[in-house]
Every structure is written in structure tokens, then in C-alpha cells.
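What follows is calculated from the coordinates using simple rules that are stated; it is not laboratory data. Note that the structure is a prediction, hence the values are computed from the model and not measured. Note: ideal-geometry Cβ built from the backbone for every residue, glycine included; neighbour counts use all protein chains shown.
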Amino acid sequence: MKKLLVGTLIIGTSMFASMSKGELDSFKSLNVLSDPAVTLIDGKKIDGSDLTLLKGYYHSGDNYSPINLITNKEIVITGQAFNAKSKLPYLIDTDYSQFEKYAAFKIGTGSKRLMLFTDAECPYCKQFDSKFDELKNEYTIYVYMLPLNEIHFASKDIAIATFAQDKDKEQYFKKLMHSQDLTKDLPELAKYSVELYKNIKNSINSLNPKVQGLGNKYVQMVQAAYNVKFENREDISKFCDKKIEEFYKNKAAVELNKKALAMFEENAKLSGGYLGANGTPMVYDYSGANVELQNLFKMNWG
């Protein structure tokens, strides 16, 4: 019976050796990795031991979760491995440039590369947005969409609409990010995506008062945007159903939505499956390490 251990592994001065695809595929025979929803990205053997460091992700619905584990096919240890002397984590080299073609846009032309994950409705993203321009001579920053759809009901629509633009994606996104009243933009967003109305329907049927309260905020925005008045939950649900139905009857809109969603999916894979990003704004370098904003902008937060 295979053992599964959770924790942190401290390894001495071992070096990593490259691993073939055949060797990587052999690990799919492990129970913990045999699920079809699991994809293994890469693996490296640890010289001087029978252990292998594996990197992959689990994909379910709209969610990607990173997998980082160490195993000899008998013992499986989940968690981060650190070098005992340097105290730095062991990271598998990953070609993050493969995702650059899926970035919504990029900032700067510097020789150093960064990955920025942002959300148009995130107040911290709005706050830091202009500061990234200060880095454009030193860095090239690839900007990816990571809408926190559970709390920012219109953010996924904004991300998809941004990807759907033929040009000026950055200008389009930042116009919506810094809009003083997103209400007036809701009819425009409904041309590209109707996630907002799906979110509202879920919220009004939730038993969680916080979720209901959040949904009510967006219900008020919808009433103002379309000059309608809802008397009860049934009215809200019918309106949302109508917007969703109208959208999916528009073949041109649906086709554009599919293309934009394909771009969005690659953003989700990078943020969740490869890097494990869980908030915004988040910045990573091309080693896969999280870059603290405080350090990046040389800020003194006390």
C-alpha cells in the first residue's frame, strides 16, 4: 500500500538531472496521479537518491490546482522541497514563454520578464495599475486575466470582452478597470459574455447571506443599467434567463465568446495549474517564484 505524506522535505546538496517523457508518464500509474483530471507537466530526478520531484495540475470545471510532489513510487510527499543550505525552494524549470501569446497585453520593453495577474474589479489592482508603468524600461510585463468570479461578478465578462477585442486590448481593459460606474458598461459587456447573469442567479438562490448581499449589489446595477425594476427573486431570475438566452441565440457573439474563452482558459491554466496564484494583483518571475509587490516597487510599508 502506497503512503501519502504531507509536509516539507529538506534535501542536502543534491543536484537535479533531466527526466525523459517516458519516465514522467510512468508516474501516472500512481493512484494519486491516475485521475484523468491530472496532467503532469514535468519531473526531475534528485541525484544521490531514488526521489523524483514532479510538477503538474488538477483540472476540474473552471478550476486549476497545482500539483507539486516528491516520490519514489512508494512514498509520496506533497509540499515544497527546500535546499538545506541555501534554504531556497527547488523549482522545476518551466518554459513560461509558451503562454506569452495568451497574455491580454504587455507593459514595457525591458529585458527582464514578469507575469502579472489582474482583475478589473479588484481595488488593489486599480491601486497598483499605474505603478507598473514605472517598470516598463526595466521589464516586459505580460498581463494575464485572473478574475475573482466568486466576489467580482462582472470581472470574468470584462476579461472575456478584453480578449474579444481585435486591437487595443490594454486600452479597453483599463477603461473598464477605472470606470467610475460600471453600471453603464453592462449592456456593452453582454455582447461578449453573460457570466454576470449566471452569477446573479446563483447568488439569489444561495443560503449564504453574504453571497445574497453581494448579488443584490449587482442586481441594483442591472436595474439601473436597463431601467427595470424587480419585485422579487422570480423577476430577477427571469431577466437573467432572458439575457443568457438572447446571448446564446446570437451565433456571431457565441463564436467570438468561444475564441475569447480559449484565451481565458490558457490564462486560468497558467495562473492556477502552473503557478497556484490565488489572488490579485500577483506577480511572478520566469522561475515561477512569486514576486512581492513591496520588493518590486521598493516600497516601505512599515
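Things to note:
- Among TYR226, TYR102, TYR139, residue whose mean-square fluctuation peaks in a GNM of the chain (springs only between Cα atoms under 10 Å): TYR226
- Ranked by the mean number of other Cβ atoms within 10 Å per residue, highest first, peptides 275-281, 124-130 order as 275-281, 124-130.
- Using a simple spin-label model with pseudo-atoms 7 Å out from Cα toward Cβ, LYS28 and ASP42 lie 2.0 nm apart.
- Seen from every direction in turn and averaged, the convex hull around the alpha carbons of the chain projects onto 19.6 nm².
- For ILE41, distant residues with modelled amide H under 5 Å away: LYS55, GLY56, TYR57
- Checking the Cα-Cα distances for LYS106/LYS174; LYS21/LYS269; LYS156/LYS259; LYS198/LYS242 against a 19 Å cut-off, the pairs over it are LYS21/LYS269.
- Rounded to the nearest 500, the 222 nm mean residue ellipticity of the chain from helices alone is -10000 deg cm²/dmol, with -39,500 (n - 2.57) taken per DSSP H run of at least 4 residues.
- Hydrodynamic radius by Kirkwood, which averages 1/r over all alpha carbon pairs of segment 13-164, in angstrom: 18.2 Å
- Scanning the chain for cysteines with no neighbouring cysteine C-beta under 4.7 angstrom from their C-beta gives CYS240.
- Packing-based order for 43-52, 84-93, using average beta carbon neighbours within 10 Å, highest first: 43-52, 84-93
- Screening the chain for whole DSSP H helices of 18 Å or more along their axis (Cα) with average Kyte-Doolittle hydropathy at least -1.0 returns 209-226, 251-268.
- Between VAL38, VAL228, VAL194, the residue with the greatest mean-square fluctuation in the GNM of the chain (Cα pairs under 10 Å linked by springs) is VAL228.
- Sequence-distant aspartates and glutamates (8 or more away, or on other chains) whose Cα lies within less than 19 Å of LYS44: GLU23, ASP25, GLU74, ASP93, ASP95
- Spin-label model distance (nm) - GLN223 vs LYS21, 7 Å beyond Cα toward Cβ: 5.8 nm
- Of the GluC sites (Glu not before Pro) in segment 78-167, those whose Cβ has at most 13 other Cβ within 10 Å and which sit in DSSP loop: GLU138, GLU150
- FRET E, pair THR109, GLU234, Förster distance 45 Å, beta-carbon r, rounded to 0.05: 0.25
- Length gained when the stretch ASN137-ASP181 is fully extended (0.36 nm per residue, less Cα-Cα span): 12.6 nm
- Rg ratio (alpha-carbon, reference 2.2 N^0.38 Å) - segment 163-302: 1.28
- Positive dipole terminus of the chain, leading residue within GLN171, GLY215, ALA262 (C-beta point charges): GLY215
- Antiparallel DSSP beta bridges within the chain, percent to nearest 5: 70 percent
- Per-peptide average of other Cβ atoms within 10 Å, ordering 205-218, 151-164 highest first: 151-164, 205-218
- Rg to Rh quotient for segment 123-222, alpha carbon positions, Kirkwood Rh: 1.02
- Spacing of the two label points (7 Å from each Cα toward its C-beta) at ASP35 and GLN212, in nm: 3.3 nm
- Using a Förster distance of 25 Å, the FRET efficiency for GLU246-GLU150 (Cβ separation, nearest 0.05): 0.50
- The mean of 1/r over all pairs of different alpha-carbon atoms in segment 236-300, once inverted, gives a Kirkwood hydrodynamic radius of 15.1 Å.
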